[in-house]
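Colleague: Here you go, one structure.
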Amino acid sequence: MTGLKLIYDNQQIEKAITKIATQLNIDYKNKNPLLLCVLNGAIVFFGKLLPLLDFNCQVDSICVARYGKKNIGGDLKWLKYPNLTLKNKDIIIVDDILDEGITLTQIIKYCQENQASSIVSVMLADKQKSPIKADYTALNIPDKFIVGYGMDSNEKYRNLDGIYSI
């Protein structure tokens, strides 16, 4: 596609997801965590990760937005809260990208306020510039605007099977 530069192809992404799943399977072997998919960006990552997990878990989603129709983040808007209770649960936040850490910080704060027992974050991609770090990261990426594998630009490119910069 014109104007897009491939950063990771599908094979590289799936290998990285398998590696994270392997570690989560070790870390959560005898637990029953609640996995929170951060919509819409993490939907592809979440869909690939979930079948690789071999421990009991619950699944829910949240929807927050900072970008809207822009390529720069703005104020965080909560569009959907979890349906399940977070109280006394081990929470695994599954998100697409760690950029400045604003979204992740607010989601963690929400989980803490709702009395989660523990909270970890799993990121598909990390720009490595946030003061907050994910507990599990599949891929490090350059500090560019990224699309594909669920990530979008103005609701376009989510369906690309690789990760690209614009």
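The values are calculated or read from the model by the stated rules, or taken from the named source; none is laboratory data. The structure displayed is predicted, hence computed values, not measured ones. Because the Cβ atoms are built from the backbone with ideal geometry, glycine has one as well, and the counts that use them run over all protein chains shown.
Residues checked against (1) part of a strand (DSSP E or B); (2) touching a residue at least 60 places away in the same chain (Cβ under 8 Å); (3) within 20 Å of Gly101 (Cβ to Cβ); (4) more than 17 Å from the chain's Cα centre (by Cα):
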| residue | (1), (2), (3), (4) |
| --- | --- |
| Ile7 | yes, yes, no, yes |
| Ile17 | no, yes, no, no |
| Asn30 | no, no, no, yes |
| Cys63 | yes, no, yes, no |
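Colleague: Given (1) at pLDDT 95 or above; (2) in contact with a Lys or Arg (Cβ under 8 Å, 6 or more places away or on another chain), identify the lone condition not met by Asn154.
Modeller: In the conditions (1) at pLDDT 95 or above; (2) in contact with a Lys or Arg (Cβ under 8 Å, 6 or more places away or on another chain), Asn154 misses (1) alone.
Colleague: Given Ser153, Ser117, Ser121, which one is among the hydroxyl-bearing types (Ser, Thr, Tyr) and in contact (Cβ under 8 Å) with a residue 60 or more places away in the chain?
Modeller: One residue alone meets the criteria, Ser153.
A quick yes/no check of all residues on (1) on the phi > 0 side of the Ramachandran plot; (2) modelled with pLDDT of 95 or more; (3) surrounded by 14 or more Cβ atoms within 10 Å (Cβ to Cβ):
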position: Ser61; (1), (2), (3): no, yes, yes
position: Val64; (1), (2), (3): no, no, yes
position: Asp96; (1), (2), (3): no, yes, yes
position: Ile107; (1), (2), (3): no, yes, yes
position: Ile141; (1), (2), (3): no, yes, yes
position: Gly150; (1), (2), (3): yes, yes, yes
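Colleague: Kindly indicate whether any position in the range 88-107 is in a strand (DSSP E or B) and out of contact with any helix residue (DSSP H, G or I) (no Cβ under 8 Å at 6 or more places or on another chain).
Modeller: yes
Colleague: What number of residues in the range 25-47 are in contact with a Phe, Trp or Tyr (Cβ under 7 Å, 6 or more places away or on another chain) and more than 22 Å from Lys156 (Cα to Cα)?
Modeller: 4
Colleague: While we're here: For the range 140-157, check the following and say yes or no: at least one residue is over 14 Å from the mean Cα position of the chain (by Cα) and over 30 Å from Thr2 (Cβ atoms).
Modeller: no
Colleague: Sticking with this one: For the range 30-44, which residues satisfy the criterion of being at pLDDT below 95 and closer than 9 Å to Phe55 by Cβ?
Modeller: Of everything in the range 30-44, just one residue is at pLDDT below 95 and closer than 9 Å to Phe55 by Cβ, namely Asn30.
Colleague: Something else now. Would it be correct to say that Gln23 is assigned to a helix (DSSP H, G or I) and in contact (Cβ under 8 Å) with a residue 60 or more places away in the chain?
Modeller: So Gln23 passes the test.
Colleague: Find the residue count for the range 66-82, including only residues that are surrounded by 15 or more Cβ atoms within 10 Å (Cβ to Cβ) and either modelled with pLDDT under 95 or assigned to a strand (DSSP E or B) (or both).
Modeller: Total satisfying the criteria: 2.
Colleague: Related question: Condition first: crowded, with 18+ Cβ neighbours inside 10 Å and farther than 16 Å from Ala42 by Cα. Now tell me which residues in the range 119-129 satisfy that.
Modeller: Ile119
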